[in-house]
Amino acid sequence: MPLHNSNALSKPTLFVTWRIQFLTGPRSLIAHVQDFRPREWFIPEGSWLLEAFQLEDKYFGGSQTQIDIYTKASAADESYFTLQVNVCICSSSAQ
């Protein structure tokens, strides 16, 4: 008694089914539009969290400018946490 299906149509049917899924799968992934808005769906109206998100959108929303920060390599015995004191001193003296 064979363990597999000996139907002659099963292999071509599987191949055609696989080809259809293989060719249409990426197209459906590209065309998929994600419309996930947890702020609107899960946070009740009048909640302090929703108010905080509205303030965040008001003051930090819109287009954002990307910046890059470059630093010098620190000495072998110093870390940036030890150098942080110097940065605080410089910023307070600049005011």
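Looking only at region 36-86, which residues are β-branched (Val, Ile, Thr) and either at pLDDT 80 or above or assigned to a loop (DSSP other than H, G, I, E, B) (or both)? Spell out how you get there, then give the answer.
At the first step, the residues of region 36-86 found to be β-branched (Val, Ile, Thr) are 43, 65, 67, 69, 71, 82, 85.
Correct list: Ile43, Thr65, Ile67, Ile69, Thr71.
In this structure, is Ser28 of a type outside the set (Val, Ile, Thr) and modelled with pLDDT of 85 or more? Walk me through how you get there before you give the answer.
Numbers: of a type outside the set (Val, Ile, Thr): yes; modelled with pLDDT of 85 or more: no.
The answer is no for Ser28.
Please identify the pairs in which a residue from region 50-71 that is surrounded by 10 or more Cβ atoms within 10 Å (Cβ to Cβ) has its Cβ atom under 9 Å from the Cβ atom of a residue that is of a type in the set (Val, Ile, Thr) and in a loop (DSSP other than H, G, I, E, B), counting only partners at least 6 apart or on another chain.
Close Cβ pairs (under 9 Å, with a partner that is of a type in the set (Val, Ile, Thr) and in a loop (DSSP other than H, G, I, E, B)) amount to Leu50/Ile43; Phe53/Ile43.
Does any residue of region 9-21 turn out to be at pLDDT 80 or above, in a loop (DSSP other than H, G, I, E, B) and either at negative phi or among the hydroxyl-bearing types (Ser, Thr, Tyr) (or both)?
Scanning region 9-21, I find no residue that is at pLDDT 80 or above, in a loop (DSSP other than H, G, I, E, B) and either at negative phi or among the hydroxyl-bearing types (Ser, Thr, Tyr) (or both), so the answer is no.
The values are calculated or read from the model by the stated rules, or taken from the named source; none is laboratory data. Please read these numbers as outputs of a predicted model, since none were measured by experiment. Note that each Cβ is placed from the backbone with ideal geometry, even for glycine, and that neighbours are counted across all protein chains shown.
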